[in-house]
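Step one of this worksheet: look at the structure below.
The values are calculated or read from the model by the stated rules, or taken from the named source; none is laboratory data. Computed from a predicted structure; not experimentally measured. Please note: Cβ atoms are built from the backbone with ideal geometry, for glycine as well, and neighbour counts cover all protein chains shown.
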Amino acid sequence: MEKKDLRIVYMGTPDFAVEALRCLVEGGYNVVGVITMPDKPAGRGHKLQFSPVKQFALDHDLPLLQPERLKDEAFVEALRNWKADLQIVVAFRMLPEVVWSMPRLGTFNLHASLLPQYRGAAPINWAVIHGDTETGITTFFLKHEIDTGEVIQQVRVPIAPEDNAGTIHDKLMLLGGKLVTETVDHILDGTIHSIPQEELADCSSLRPAPKIFKETCRLHWDQPTMAIHNLVRGLSPYPAAWSELCAPNGERISVKIFETAPEASPAPHAAASTAAPGTLQTDGKHYLRVATADGWLSLLQLQLPGKRRLGIEELLRGFHPDESWRME
């Protein structure tokens, strides 16, 4: 079968899912329909906002469905009428069996981790939060349990010390578009050799990647310096780590923190810092650092409520905490 004859239905919602769809469309693959989330209200006017995948589909005149419920009979019938040979899922929702089992060649997913590690909603964030030095992308066939199907292909990607969740997202997004089309080609050629995830890793030492909530993003200064630094990296630029800056008069300001730098380790025989975690040090012009459980963490980019994100020197020109303040 030629790729122009293979009927593909594509499912996805955010920016991460647009690249693979673009590669399919520009590569001449036969995308017969796109499924994305319903429009959501956004901004002060609560105007309905299209998902990035919907916008791409509209721009390229692709048939589109936006079901509220994936088991809805009308949606299932409309999907069946597209007569897909293959379905591809990238950053969408958990599918019911009636949907993922429909195409004769199955349904495969692009996941932003080296499965079976980091199954769940936020694999990029958690890999950086844990200080991993490598991550990757995986295509795998869907089955009942989420993110557990047989692996088709994987690509490994290093995580550099200067990387954060945003830079890794962009690297994996670009590689993901290529991997999706390669996976489709292997399916067309009949050269797929999928592997059960149990054969790829020790499943007793797997890390999950659950959804991230606001409290997940709160910094606790009684933790080690590198743990706090990696949490900031893993949440930057979105949803962003945060802490409360507390003034002597009791005022508390919620501050988003996007970039930090661990202080150099003291010499082996130097006295350890006795500053309580959360203690501030600043010269009022060039630096602001916070005591942790085992040292100091310099704050490099922050955002005050209602303000834009600023580098520390620019922020200190208009905002003047001193060492009587603290982070909590």
Q.
Among the residues of the range 297-312, are any free of Cβ contacts under 8 Å to residues at least 12 places away in the same chain, among the polar types (S, T, N, Q) and over 28 Å from PRO210 (Cβ atoms)?
A. no
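If you check GLU150, GLU162, GLU134, which single one turns out to be within 26 Å of THR260 (Cβ to Cβ), in contact with a Pro (Cβ under 9 Å, 6 or more places away or on another chain) and charged (D, E, K, R)?
Of GLU150, GLU162, GLU134, the one residue that is within 26 Å of THR260 (Cβ to Cβ), in contact with a Pro (Cβ under 9 Å, 6 or more places away or on another chain) and charged (D, E, K, R) is GLU134.
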Q.
As an exercise: evaluate GLY45 against (1) under 20 Å from the mean Cα position of the chain (by Cα); (2) farther than 21 Å from ALA84 by Cβ; (3) in a loop (DSSP other than H, G, I, E, B) and give the number of the one condition it does not meet.
A. (1)
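Only one residue in SER243, SER254, SER236 is surrounded by fewer than 13 Cβ atoms within 10 Å (Cβ to Cβ), closer than 19 Å to LEU310 by Cα, of a type in the set (S, T, N, Q) and at pLDDT 95 or above. Which one? Outline the logic, then answer.
Working: SER243 fails: surrounded by fewer than 13 Cβ atoms within 10 Å (Cβ to Cβ); SER236 fails: surrounded by fewer than 13 Cβ atoms within 10 Å (Cβ to Cβ).
Just a single option satisfies the conditions, and that option is SER254.
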Q: Kindly indicate whether VAL76 is assigned to a helix (DSSP H, G or I), touching a strand residue (DSSP E or B) at 6+ places or on another chain (Cβ under 9 Å) and of a type outside the set (Gly, Ala, Ser).
A: no
Q: Please list, ordered by first then second residue, the pairs with beta carbon atoms under 9 Å, 6 or more apart or interchain, first in the range 21-36 and crowded, with 16+ Cβ neighbours inside 10 Å and aromatic (Phe, Trp, Tyr), second assigned to a strand (DSSP E or B) and at pLDDT 95 or above.
A: TYR29/ILE8
Q: Looking only at the range 160-191, count how many residues are out of contact with any strand residue (DSSP E or B) (no Cβ under 6 Å at 6 or more places or on another chain) and aliphatic (A, V, I, L, M).
A: 8
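Would you check which residues across the range 114-136 are assigned to a loop (DSSP other than H, G, I, E, B) and farther than 14 Å from LEU206 by Cβ and list them? Spell out how you get there, then give the answer.
Start the filter on the range 114-136 by keeping residues that are assigned to a loop (DSSP other than H, G, I, E, B), which leaves 114-118, 120-122, 130-133.
Across the range 114-136, the qualifying residues are ALA121, ALA122, GLY131, THR133.
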